[in-house]
Structures are given as structure tokens and as C-alpha cells.
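The structure appears below as C-alpha cells.
A short reminder: the numbers here are calculations on the coordinates, not readings from a lab. Source: prediction; values computed, not measured. Cβ: placed from backbone, ideal geometry, glycine included. Neighbour counts: every protein chain shown.
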Amino acid sequence: GLFRLAAAASVVKRLKMCLDQEAVDHSEFSMDPHAVAGALKGYLRELPEPLMTSELYNDWFKAAGEKNLPEKLEQFRVLLKQLPPENYNNLRCVLAV
């Protein structure tokens with residue numbers, strides 16, 4: 001993983017609290033990518049169901065293993081359309097697309 005080093009729990013907790021209150025001082029956390037990664041990982045871990053759904057788990061891995069790029073992209077498009085709207089919108093926010 002990209003962010004295997006854990007940030008201090010107190011820093012991650014403070015960042016999550018600021019995010020919940022929509023009062024983040026970006027300068028306070030911009031120099032600590034591990035705190036940001038820790039908050040994101042915590043958010044994803046606490047979701048009531050996996051972001052890309054348990055039902056589609058095997059299909060995502062099958063699509064990822066596709067060697068033909070146009071076919072892989074088409075399989076991803078099909079899977080994205082199968083996501084519940086809340087999951088799809090959440091994934092767009094997480095990926096910032």
C-alpha cells in the first residue's frame with residue numbers, strides 16, 4: 001500500500017472531527033499525507049457496505065484482470081452502471097472525477 005505508515009491516532013481523530021464539522025484548516029494537515037490517508041481509510045472502513053459492493057466483488061477482479069484495454073474499460077463501465085446511486089456518487093467523490 002501507498003500509505004502503510006500510520007499517522008498519529010490523535011492527528012487522524014482531529015482531522016476526522018474537522019471534516020465532520022466542515023471546518024478543515026488545510027494548512028494544518030497538508031504536510032501529513034499519512035493523516036489524510038488514515039482518515040480516508042477509516043472512512044472507507046466504516047461504510048455500512050463496501051463502496052463497490054460485495055455482490056460485484058468478483059466481477060471487479062475479473063474486469064481488472066482483462067488484458068484487452070478496450071474490453072477492460074467496457075467491463076468497468078458496465079459495473080459502474082450496476083452500482084447503487086449512493087455508491088456511485090460516493091466513488092466519484094473519493095476519486096474526484
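Annotations for the structure displayed:
- Any hit, region 75-83, residues being of a type outside the set (G, A, S), in contact (Cβ under 8 Å) with a residue 12 or more places away in the chain, closer than 21 Å to K41 by Cα and not in a helix (DSSP H, G or I): yes
- Within region 62-85, if we keep just the residues that are surrounded by 14 or more Cβ atoms within 10 Å (Cβ to Cβ) and of a type in the set (A, V, I, L, M, F, W, C), the residue that is farthest from the chain's Cα centre (by Cα) turns out to be A63.
- Residue list for region 45-61, restricted to those being surrounded by 12 or more Cβ atoms within 10 Å (Cβ to Cβ) and either in a helix (DSSP H, G or I) or β-branched (V, I, T) (or both): T53, D59, W60
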